[in-house]
There are 2 protein chains.
Amino acid sequence: MLRDDVTAAIRTAVFEELAETGFARMSVEGIARRAGVGKTAVYRRWKSKLALVLDLVTAVAAQGLPVPRTGSLHGDVRALLEVAAHALRHPVASRVIPELLVESARNPEMAQAVKAVLLDSRDGVAAVVVREAVARGELPEGTDPDRALDLIAGPLYWRLAVVGGDLPEGYLDGLAVSAVAALTA
Amino acid sequence: MLRDDVTAAIRTAVFEELAETGFARMSVEGIARRAGVGKTAVYRRWKSKLALVLDLVTAVAAQGLPVPRTGSLHGDVRALLEVAAHALRHPVASRVIPELLVESARNPEMAQAVKAVLLDSRDGVAAVVVREAVARGELPEGTDPDRALDLIAGPLYWRLAVVGGDLPEGYLDGLAVSAVAALTA
(Lines give C-alpha, C1' and ligand atoms only; values in the text may rest on other atoms or scores of the structure.)
Protein backbone atom coordinates (compact mmCIF):
# COMPACT_ATOMS: atom_id res chain seq x y z
CA MET A 1 0.00 0.00 0.00
CA LEU A 2 1.08 3.59 -0.60
CA ARG A 3 1.56 5.79 2.46
CA ASP A 4 -1.69 7.71 1.93
CA ASP A 5 -3.58 4.46 1.42
CA VAL A 6 -2.26 3.11 4.70
CA THR A 7 -3.38 6.25 6.52
CA ALA A 8 -6.83 6.05 4.92
CA ALA A 9 -7.15 2.34 5.73
CA ILE A 10 -6.23 2.98 9.35
CA ARG A 11 -8.73 5.83 9.62
CA THR A 12 -11.53 3.64 8.23
CA ALA A 13 -10.56 0.87 10.63
CA VAL A 14 -10.69 3.26 13.61
CA PHE A 15 -14.18 4.32 12.63
CA GLU A 16 -15.37 0.73 12.30
CA GLU A 17 -13.72 -0.40 15.54
CA LEU A 18 -15.25 2.53 17.41
CA ALA A 19 -18.70 1.58 16.12
CA GLU A 20 -18.40 -2.16 16.70
CA THR A 21 -16.13 -2.52 19.70
CA GLY A 22 -16.34 0.85 21.39
CA PHE A 23 -13.56 3.09 22.63
CA ALA A 24 -13.05 1.37 25.98
CA ARG A 25 -12.62 -2.10 24.48
CA MET A 26 -10.84 -1.32 21.22
CA SER A 27 -7.07 -1.62 20.80
CA VAL A 28 -4.37 -0.47 18.41
CA GLU A 29 -3.80 -4.17 17.62
CA GLY A 30 -7.43 -4.60 16.57
CA ILE A 31 -7.29 -1.45 14.45
CA ALA A 32 -4.10 -2.59 12.71
CA ARG A 33 -5.56 -6.05 12.05
CA ARG A 34 -8.73 -4.56 10.57
CA ALA A 35 -6.74 -2.13 8.42
CA GLY A 36 -4.51 -4.96 7.20
CA VAL A 37 -1.33 -3.25 8.37
CA GLY A 38 1.26 -3.88 11.06
CA LYS A 39 1.00 -2.33 14.53
CA THR A 40 4.16 -0.31 13.87
CA ALA A 41 2.50 1.31 10.84
CA VAL A 42 -0.13 2.66 13.25
CA TYR A 43 2.33 3.73 15.95
CA ARG A 44 4.52 5.49 13.35
CA ARG A 45 1.57 7.82 12.69
CA TRP A 46 -0.26 8.06 16.04
CA LYS A 47 0.96 7.49 19.58
CA SER A 48 -2.25 5.98 21.00
CA LYS A 49 -5.84 5.04 20.24
CA LEU A 50 -6.89 8.35 21.76
CA ALA A 51 -4.63 10.23 19.34
CA LEU A 52 -6.12 8.20 16.48
CA VAL A 53 -9.68 9.04 17.45
CA LEU A 54 -8.89 12.71 18.04
CA ASP A 55 -7.35 12.88 14.57
CA LEU A 56 -10.46 11.28 13.07
CA VAL A 57 -12.80 13.69 14.86
CA THR A 58 -10.74 16.65 13.68
CA ALA A 59 -10.75 15.35 10.09
CA VAL A 60 -14.54 14.94 10.10
CA ALA A 61 -14.94 18.38 11.65
CA ALA A 62 -12.81 19.99 8.94
CA GLN A 63 -15.19 18.69 6.28
CA GLY A 64 -18.20 20.26 8.00
CA LEU A 65 -21.77 20.13 6.78
CA PRO A 66 -22.81 21.71 3.48
CA VAL A 67 -24.37 25.16 3.91
CA PRO A 68 -27.88 24.97 2.45
CA ARG A 69 -28.41 28.54 1.06
CA THR A 70 -32.07 28.09 0.11
CA GLY A 71 -32.78 31.82 0.38
CA SER A 72 -34.93 31.67 3.51
CA LEU A 73 -34.36 30.87 7.18
CA HIS A 74 -37.13 28.29 7.11
CA GLY A 75 -35.70 26.64 4.00
CA ASP A 76 -32.19 26.58 5.42
CA VAL A 77 -33.37 25.11 8.74
CA ARG A 78 -35.46 22.45 6.97
CA ALA A 79 -32.48 21.48 4.79
CA LEU A 80 -30.13 21.35 7.79
CA LEU A 81 -32.57 19.08 9.64
CA GLU A 82 -32.70 16.73 6.65
CA VAL A 83 -28.91 16.40 6.50
CA ALA A 84 -28.59 16.06 10.28
CA ALA A 85 -31.35 13.42 10.47
CA HIS A 86 -29.66 11.43 7.72
CA ALA A 87 -26.29 11.59 9.53
CA LEU A 88 -27.73 10.75 12.96
CA ARG A 89 -29.61 7.73 11.63
CA HIS A 90 -26.51 6.28 10.02
CA PRO A 91 -25.73 3.16 12.05
CA VAL A 92 -22.04 4.03 12.35
CA ALA A 93 -22.70 7.62 13.49
CA SER A 94 -25.31 6.47 15.97
CA ARG A 95 -22.69 4.27 17.63
CA VAL A 96 -19.63 6.46 17.27
CA ILE A 97 -21.11 9.70 18.63
CA PRO A 98 -22.11 8.27 22.03
CA GLU A 99 -18.66 6.67 22.30
CA LEU A 100 -17.02 10.04 21.78
CA LEU A 101 -19.28 11.69 24.34
CA VAL A 102 -18.47 9.04 26.95
CA GLU A 103 -14.75 9.51 26.38
CA SER A 104 -15.26 13.30 26.52
CA ALA A 105 -16.59 12.96 30.05
CA ARG A 106 -13.32 11.26 31.04
CA ASN A 107 -10.78 13.05 28.90
CA PRO A 108 -10.39 16.83 28.56
CA GLU A 109 -8.51 16.50 25.21
CA MET A 110 -11.40 14.53 23.71
CA ALA A 111 -13.94 16.97 25.22
CA GLN A 112 -12.08 19.83 23.53
CA ALA A 113 -12.05 18.07 20.15
CA VAL A 114 -15.75 17.20 20.30
CA LYS A 115 -16.59 20.73 21.37
CA ALA A 116 -14.62 22.10 18.44
CA VAL A 117 -16.68 19.94 16.08
CA LEU A 118 -20.06 20.65 17.60
CA LEU A 119 -19.76 24.23 18.68
CA ASP A 120 -20.17 25.87 15.37
CA SER A 121 -17.10 27.77 14.24
CA ARG A 122 -17.16 31.23 12.66
CA ASP A 123 -17.56 29.66 9.25
CA GLY A 124 -19.66 26.74 10.44
CA VAL A 125 -23.03 26.02 8.91
CA ALA A 126 -25.06 27.61 11.72
CA ALA A 127 -22.92 30.75 11.61
CA VAL A 128 -23.53 31.13 7.86
CA VAL A 129 -27.27 30.38 8.10
CA VAL A 130 -27.66 32.91 10.93
CA ARG A 131 -25.52 35.55 9.18
CA GLU A 132 -27.57 35.29 6.00
CA ALA A 133 -30.88 35.35 7.92
CA VAL A 134 -29.69 38.50 9.70
CA ALA A 135 -28.77 40.04 6.33
CA ARG A 136 -32.28 39.27 5.02
CA GLY A 137 -33.82 40.78 8.16
CA GLU A 138 -35.23 37.43 9.32
CA LEU A 139 -33.21 37.38 12.56
CA PRO A 140 -32.06 40.28 14.73
CA GLU A 141 -28.44 41.49 14.66
CA GLY A 142 -26.32 39.71 17.25
CA THR A 143 -28.19 36.40 17.08
CA ASP A 144 -25.88 33.79 18.65
CA PRO A 145 -25.14 30.93 16.20
CA ASP A 146 -24.44 28.46 19.03
CA ARG A 147 -27.80 29.16 20.60
CA ALA A 148 -29.37 28.81 17.13
CA LEU A 149 -27.75 25.40 16.80
CA ASP A 150 -29.14 24.40 20.22
CA LEU A 151 -32.65 25.21 19.01
CA ILE A 152 -32.27 23.55 15.59
CA ALA A 153 -30.17 20.47 16.37
CA GLY A 154 -31.16 19.87 20.00
CA PRO A 155 -34.70 18.50 19.56
CA LEU A 156 -33.65 16.25 16.67
CA TYR A 157 -30.62 14.92 18.54
CA TRP A 158 -32.72 14.30 21.65
CA ARG A 159 -35.28 12.31 19.66
CA LEU A 160 -32.91 10.30 17.47
CA ALA A 161 -29.79 9.83 19.54
CA VAL A 162 -30.92 10.09 23.15
CA VAL A 163 -34.44 8.72 23.36
CA GLY A 164 -33.97 6.45 20.36
CA GLY A 165 -37.31 7.48 18.96
CA ASP A 166 -38.43 7.39 15.34
CA LEU A 167 -39.26 10.21 12.92
CA PRO A 168 -42.98 10.13 12.18
CA GLU A 169 -44.19 11.43 8.79
CA GLY A 170 -43.99 15.22 8.76
CA TYR A 171 -41.88 15.41 11.92
CA LEU A 172 -39.02 17.34 10.29
CA ASP A 173 -41.48 19.75 8.61
CA GLY A 174 -43.05 20.51 11.97
CA LEU A 175 -39.66 20.80 13.64
CA ALA A 176 -38.47 23.33 11.04
CA VAL A 177 -41.52 25.51 11.74
CA SER A 178 -40.99 25.16 15.51
CA ALA A 179 -37.26 25.92 15.27
CA VAL A 180 -37.88 29.11 13.28
CA ALA A 181 -40.51 30.16 15.84
CA ALA A 182 -38.03 29.44 18.64
CA LEU A 183 -35.28 31.43 16.86
CA THR A 184 -37.48 34.44 16.27
CA ALA A 185 -39.27 34.38 19.66
CA MET B 1 -25.87 -4.79 57.24
CA LEU B 2 -29.61 -5.38 56.96
CA ARG B 3 -30.85 -6.74 53.62
CA ASP B 4 -32.28 -3.40 52.47
CA ASP B 5 -29.06 -1.64 53.44
CA VAL B 6 -27.05 -4.09 51.36
CA THR B 7 -29.28 -3.47 48.35
CA ALA B 8 -28.98 0.30 48.82
CA ALA B 9 -25.20 0.10 49.24
CA ILE B 10 -24.90 -1.95 46.04
CA ARG B 11 -27.09 0.48 44.10
CA THR B 12 -24.98 3.43 45.23
CA ALA B 13 -21.82 1.54 44.31
CA VAL B 14 -23.18 0.80 40.81
CA PHE B 15 -23.90 4.47 40.28
CA GLU B 16 -20.42 5.49 41.41
CA GLU B 17 -18.67 2.77 39.40
CA LEU B 18 -20.62 3.76 36.29
CA ALA B 19 -19.56 7.37 36.74
CA GLU B 20 -15.92 6.66 37.55
CA THR B 21 -15.04 3.50 35.67
CA GLY B 22 -17.68 3.33 32.97
CA PHE B 23 -19.90 0.43 31.95
CA ALA B 24 -17.38 -1.28 29.69
CA ARG B 25 -14.62 -1.38 32.29
CA MET B 26 -16.60 -1.89 35.48
CA SER B 27 -17.06 -5.31 37.10
CA VAL B 28 -19.30 -6.97 39.66
CA GLU B 29 -16.15 -7.49 41.77
CA GLY B 30 -15.45 -3.76 41.77
CA ILE B 31 -19.06 -2.96 42.65
CA ALA B 32 -19.03 -5.45 45.55
CA ARG B 33 -15.73 -4.05 46.85
CA ARG B 34 -17.03 -0.48 46.73
CA ALA B 35 -20.27 -1.50 48.44
CA GLY B 36 -18.33 -3.35 51.13
CA VAL B 37 -20.14 -6.64 50.49
CA GLY B 38 -19.19 -10.01 49.05
CA LYS B 39 -19.60 -10.83 45.36
CA THR B 40 -22.21 -13.45 46.23
CA ALA B 41 -24.35 -10.75 47.90
CA VAL B 42 -24.48 -9.03 44.50
CA TYR B 43 -25.11 -12.19 42.48
CA ARG B 44 -27.88 -13.26 44.87
CA ARG B 45 -29.78 -10.14 43.82
CA TRP B 46 -28.72 -9.53 40.20
CA LYS B 47 -27.35 -11.89 37.60
CA SER B 48 -24.96 -9.46 35.86
CA LYS B 49 -23.71 -5.89 35.75
CA LEU B 50 -26.20 -5.23 32.97
CA ALA B 51 -29.06 -6.41 35.19
CA LEU B 52 -27.74 -4.17 37.99
CA VAL B 53 -27.65 -1.10 35.78
CA LEU B 54 -31.07 -1.83 34.25
CA ASP B 55 -32.50 -2.09 37.76
CA LEU B 56 -30.93 1.23 38.70
CA VAL B 57 -32.28 2.97 35.59
CA THR B 58 -35.75 1.63 36.28
CA ALA B 59 -35.59 2.76 39.93
CA VAL B 60 -34.57 6.29 38.89
CA ALA B 61 -37.30 6.34 36.24
CA ALA B 62 -39.96 5.35 38.78
CA GLN B 63 -39.12 8.42 40.86
CA GLY B 64 -39.62 10.75 37.90
CA LEU B 65 -39.28 14.51 37.96
CA PRO B 66 -41.57 16.69 40.05
CA VAL B 67 -44.45 18.22 38.04
CA PRO B 68 -44.12 22.00 38.34
CA ARG B 69 -47.80 23.18 38.23
CA THR B 70 -47.07 26.91 38.13
CA GLY B 71 -50.38 27.69 36.42
CA SER B 72 -48.95 28.66 33.00
CA LEU B 73 -47.18 26.83 30.20
CA HIS B 74 -44.31 29.30 30.28
CA GLY B 75 -43.94 28.92 34.06
CA ASP B 76 -44.03 25.14 33.86
CA VAL B 77 -41.45 25.04 31.04
CA ARG B 78 -39.15 27.44 32.88
CA ALA B 79 -39.39 25.33 36.05
CA LEU B 80 -38.76 22.11 34.13
CA LEU B 81 -35.66 23.63 32.51
CA GLU B 82 -34.34 24.63 35.93
CA VAL B 83 -34.70 21.09 37.31
CA ALA B 84 -33.29 19.51 34.14
CA ALA B 85 -30.29 21.87 34.04
CA HIS B 86 -29.54 21.08 37.67
CA ALA B 87 -29.71 17.32 37.00
CA LEU B 88 -27.64 17.48 33.80
CA ARG B 89 -24.88 19.52 35.44
CA HIS B 90 -24.53 17.06 38.29
CA PRO B 91 -21.12 15.45 37.76
CA VAL B 92 -22.45 11.93 38.29
CA ALA B 93 -25.37 12.37 35.87
CA SER B 94 -23.12 13.92 33.27
CA ARG B 95 -20.99 10.77 33.30
CA VAL B 96 -23.66 8.13 33.81
CA ILE B 97 -26.06 9.25 31.06
CA PRO B 98 -23.52 8.97 28.21
CA GLU B 99 -22.51 5.54 29.54
CA LEU B 100 -26.11 4.38 29.35
CA LEU B 101 -26.50 5.74 25.84
CA VAL B 102 -23.39 3.95 24.63
CA GLU B 103 -24.60 0.67 26.08
CA SER B 104 -28.04 1.32 24.55
CA ALA B 105 -26.46 1.36 21.10
CA ARG B 106 -25.11 -2.15 21.76
CA ASN B 107 -27.84 -3.69 23.84
CA PRO B 108 -31.58 -3.72 23.01
CA GLU B 109 -32.56 -4.37 26.67
CA MET B 110 -30.68 -1.29 27.80
CA ALA B 111 -32.11 0.72 24.89
CA GLN B 112 -35.61 -0.27 25.98
CA ALA B 113 -34.96 0.72 29.61
CA VAL B 114 -33.49 4.10 28.66
CA LYS B 115 -36.34 4.75 26.26
CA ALA B 116 -38.85 3.95 29.01
CA VAL B 117 -37.18 6.56 31.23
CA LEU B 118 -36.83 9.28 28.63
CA LEU B 119 -39.93 8.84 26.54
CA ASP B 120 -42.39 10.42 28.82
CA SER B 121 -45.01 8.04 30.14
CA ARG B 122 -48.74 8.83 30.34
CA ASP B 123 -48.20 10.28 33.79
CA GLY B 124 -44.76 11.68 33.09
CA VAL B 125 -43.97 15.31 33.68
CA ALA B 126 -44.28 16.37 30.02
CA ALA B 127 -47.64 14.60 29.71
CA VAL B 128 -49.00 16.45 32.74
CA VAL B 129 -47.61 19.84 31.67
CA VAL B 130 -49.08 19.39 28.16
CA ARG B 131 -52.45 18.13 29.50
CA GLU B 132 -52.81 21.11 31.81
CA ALA B 133 -51.74 23.57 29.07
CA VAL B 134 -54.38 22.02 26.78
CA ALA B 135 -56.99 22.38 29.54
CA ARG B 136 -56.07 26.08 29.92
CA GLY B 137 -56.30 26.55 26.15
CA GLU B 138 -52.57 27.31 25.82
CA LEU B 139 -51.88 24.32 23.55
CA PRO B 140 -54.15 22.67 20.97
CA GLU B 141 -55.90 19.36 21.72
CA GLY B 142 -53.80 16.40 20.63
CA THR B 143 -50.41 18.01 21.36
CA ASP B 144 -47.89 15.17 21.52
CA PRO B 145 -46.06 15.14 24.90
CA ASP B 146 -43.02 13.37 23.41
CA ARG B 147 -42.63 16.04 20.76
CA ALA B 148 -43.10 18.66 23.50
CA LEU B 149 -40.25 17.05 25.44
CA ASP B 150 -38.05 17.14 22.30
CA LEU B 151 -38.61 20.91 22.05
CA ILE B 152 -38.13 21.60 25.79
CA ALA B 153 -35.35 19.17 26.75
CA GLY B 154 -33.53 18.85 23.42
CA PRO B 155 -31.79 22.24 23.21
CA LEU B 156 -30.71 22.10 26.87
CA TYR B 157 -29.42 18.55 26.54
CA TRP B 158 -27.53 19.44 23.36
CA ARG B 159 -25.85 22.39 25.04
CA LEU B 160 -25.01 20.80 28.39
CA ALA B 161 -24.48 17.13 27.61
CA VAL B 162 -23.45 17.00 23.96
CA VAL B 163 -21.50 20.15 23.19
CA GLY B 164 -20.35 20.56 26.78
CA GLY B 165 -21.18 24.26 26.68
CA ASP B 166 -22.01 26.52 29.59
CA LEU B 167 -25.23 28.29 30.57
CA PRO B 168 -24.75 32.04 30.15
CA GLU B 169 -26.81 34.40 32.35
CA GLY B 170 -30.40 34.43 31.14
CA TYR B 171 -29.99 31.38 28.91
CA LEU B 172 -32.76 29.37 30.58
CA ASP B 173 -35.12 32.37 30.54
CA GLY B 174 -34.60 32.76 26.79
CA LEU B 175 -34.91 29.03 26.23
CA ALA B 176 -38.26 28.95 28.06
CA VAL B 177 -39.60 31.70 25.78
CA SER B 178 -38.23 29.90 22.69
CA ALA B 179 -39.63 26.53 23.76
CA VAL B 180 -43.12 27.96 24.29
CA ALA B 181 -42.91 29.63 20.84
CA ALA B 182 -41.80 26.31 19.35
CA LEU B 183 -44.64 24.45 21.08
CA THR B 184 -47.29 26.88 19.93
CA ALA B 185 -45.93 27.42 16.39
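The values are calculated or read from the model by the stated rules, or taken from the named source; none is laboratory data. Quick caveat, the model's predicted, so the values are computed rather than measured. Note that we place each Cβ from the backbone using ideal geometry, even for glycine, and neighbour counts take in every protein chain shown.
Out of all the residues in the range A:17-29, which are under 24 Å from A:Asp4 (Cα atoms), within 14 Å of another protein chain (Cβ to nearest Cβ) and crowded, with 17+ Cβ neighbours inside 10 Å? It would help to see each step written out before you state the result.
Quick first cut of the range A:17-29, residues under 24 Å from A:Asp4 (Cα atoms) only: A:17-19, A:26-29.
If we keep only those that are within 14 Å of another protein chain (Cβ to nearest Cβ) as well, we get A:17-19, A:26-27.
Those that are under 24 Å from A:Asp4 (Cα atoms), within 14 Å of another protein chain (Cβ to nearest Cβ) and crowded, with 17+ Cβ neighbours inside 10 Å: A:Glu17, A:Leu18, A:Ala19, A:Met26.
Within the range A:17-50, the residues that satisfy the criterion of being small (Gly, Ala, Ser), in a helix (DSSP H, G or I) and over 18 Å from the mean Cα position of the chain (by Cα) are A:Gly30, A:Ala32, A:Ala35, A:Ala41.
Just the residues that are within 25 Å of the chain's Cα centre (by Cα) and either of a type in the set (Phe, Trp, Tyr) or in a loop (DSSP other than H, G, I, E, B) (or both), please, taken from the range B:1-16.
Hit for the range B:1-16 is B:Phe15, nothing else.
Residues in the range A:163-185 that are at the interface with another protein chain (Cβ under 7 Å from one of its Cβ atoms), surrounded by fewer than 18 Cβ atoms within 10 Å (Cβ to Cβ) and modelled with pLDDT of 95 or more: 1 in all. For the structure I just gave you, tell me whether A:Gly137 is part of a loop (DSSP other than H, G, I, E, B), within 28 Å of B:Ala176 (Cβ to Cβ), of a type in the set (Gly, Ala, Ser) and at pLDDT below 90. Against the criterion (part of a loop (DSSP other than H, G, I, E, B), within 28 Å of B:Ala176 (Cβ to Cβ), of a type in the set (Gly, Ala, Ser) and at pLDDT below 90), A:Gly137 does not qualify.
Given the criteria of a type outside the set (Lys, Arg) and in the same structural domain as B:Met26 (by TED's automatic domain parsing), does B:Val134 qualify? So B:Val134 fails the test. Reported count of residues in the range A:60-113, each being touching a residue at least 12 places away in the same chain (Cβ under 8 Å), in contact with a Lys or Arg (Cβ under 9 Å, 6 or more places away or on another chain) and within 9 Å of another protein chain (Cβ to nearest Cβ), is 2.
Going by the structure shown, is B:Gly142 surrounded by fewer than 21 Cβ atoms within 10 Å (Cβ to Cβ), at the interface with another protein chain (Cβ under 7 Å from one of its Cβ atoms) and not in a helix (DSSP H, G or I)? Outline the logic, then answer.
Details: surrounded by fewer than 21 Cβ atoms within 10 Å (Cβ to Cβ): yes; at the interface with another protein chain (Cβ under 7 Å from one of its Cβ atoms): no; not in a helix (DSSP H, G or I): yes.
Criteria not met by B:Gly142.
Please pick out the residue among A:Arg78, A:Arg33 that is charged (D, E, K, R) and in the same structural domain as A:Ala179 (by TED's automatic domain parsing). Break it down stepwise before answering.
Details: A:Arg33 fails: in the same structural domain as A:Ala179 (by TED's automatic domain parsing).
After ruling out the rest, the residue left standing is A:Arg78.
Being at pLDDT below 85 and of a type in the set (Ser, Thr, Tyr) narrows it down to one of B:Thr58, B:Thr7, B:Thr12, B:Thr70, so name that one. Don't jump to the end; show me each part of the working.
Details: B:Thr7 fails: at pLDDT below 85; B:Thr12 fails: at pLDDT below 85; B:Thr70 fails: at pLDDT below 85.
Residue meeting the stated conditions: B:Thr58.
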